[in-house]
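The values are calculated or read from the model by the stated rules, or taken from the named source; none is laboratory data. Since the structure is predicted, the reported quantities are computational estimates derived from the model, not experimental observations. Cβ atoms come from the backbone with ideal geometry, glycine included; neighbour counts cover every protein chain shown. Quick note on the areas: whole protein, heavy atoms, side chains included, nothing else; ligands and nucleic acids left out. Shrake-Rupley method; radii C 1.70, N 1.55, O 1.52, S 1.80 Å.
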Amino acid sequence: MASLKSRLEHSVTPIALRSYLAEFISTFLFVFAAVGATMSSRKMMPDAASDSSTLVAISIANVFALSVAVYISANISGGHVNPAVTFGMAVGGHISIPMAIFYSISQMFGSVMACLLLKSTTAGQHVPTHAIAHEMTGFGAAVLEGVMTFALVYTVYVASNLRPVSAGAIGPLAIGLIAGANVLASGPFTGGAMNPAYAFGSAIIGGSFKNQAVYWVGPLIGAAIAGILHDNVVFPAPVPDSFRGSADGVGV
């Protein structure tokens, strides 16, 4: 009980509150650019859905926006910008459950506000929502989103390891690049969300929750697997020297 109380207290400290604000701002900026790029493409080309150049433009917007969003919040909140990333970090024990909940709320609120601003400032233009291709099943779409989110969250983990010794922008750029590549790979099939907050915000303002579970179940499972695999298989925590010495003694 004391542990739960201390975790709750830790989640409302000034540093924690600044982290939530950073996640709100970063997610707002990312979703504003990503959804805005889609709206702009459809405004300029009514048949944008069948134009491959539109997919490239949206992918590039995702790369730039996510790289910047992660970069500006990395030293404050860790630059999650995504409830799936936060969930993956929580599974790995890198963030407490109460803080993960507040992170996710901040991210979803940022996404909703970005989509609301786009709709209100573009004279009521339709806010596009993520949707799966007619020939796909919900299960197949969830698996696709899960695999892409696995790649994204695994990259976030590795970038977090490099952050203290990197030039600063390499990690966020790598995260943006894998997101952009995934959009290219899946845009016509699922929209390439990889981010429950992104899908949630556009669904709220766009007015369509069809297949919304695809953008939660798949990414959360993919994120959890990425966190577990990174921390326990590929980059396991080093065994303390004292423990290693005692173990060697037992072996003798």
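In the full protein context, the range 22-127 carries 45 Å² of accessible surface per residue, based on a 1.4 Å probe and ignoring ligands, DNA and RNA. In the complete set of protein chains, residue-level accessible area for Thr121 is approximately 90 Å², probe 1.4 angstrom.
On a straight-distance basis, which lysines could pair with Lys43 in a cross-link, Cα separation under 17 angstrom, same-chain partners fewer than 8 positions away excluded? By straight Cα distance, Lys43 reaches Lys119. Across the range 201-218, the residues whose backbone nitrogen lies under 20 Å from the label position 7 Å along the beta-carbon direction of Phe139 are 211-218. Taking every Cα-Cα distance in the chain and sorting them into 5 Å bins starting at zero, the pair-distance distribution P(r) comes out as 1, 7, 13, 17, 19, 16, 11, 7, 4, 3, 2, 1, 1, 0, 0, 0 percent. Of interest is the spacing of the C-alpha centroids, which for the range 104-132 and the range 203-232 amounts to 18 Å. Only protein heavy atoms count here; under a 1.4 Å probe, Leu118 has an accessible surface of about 10 Å². In degrees, nearest 10, range 0 to 90: what is the angle between the Cα axis of helix 138-162 and the longest Cα principal axis of the chain? It works out to around 50 degrees. Is the C-alpha gyration tensor of the range 1-137 telling us rounded, prolate or oblate? Criteria: a/c under 1.5 is rounded; beyond that, a/b larger than b/c is prolate, otherwise oblate. It is prolate, given that a/c is not under 1.5 and a/b is the larger ratio.
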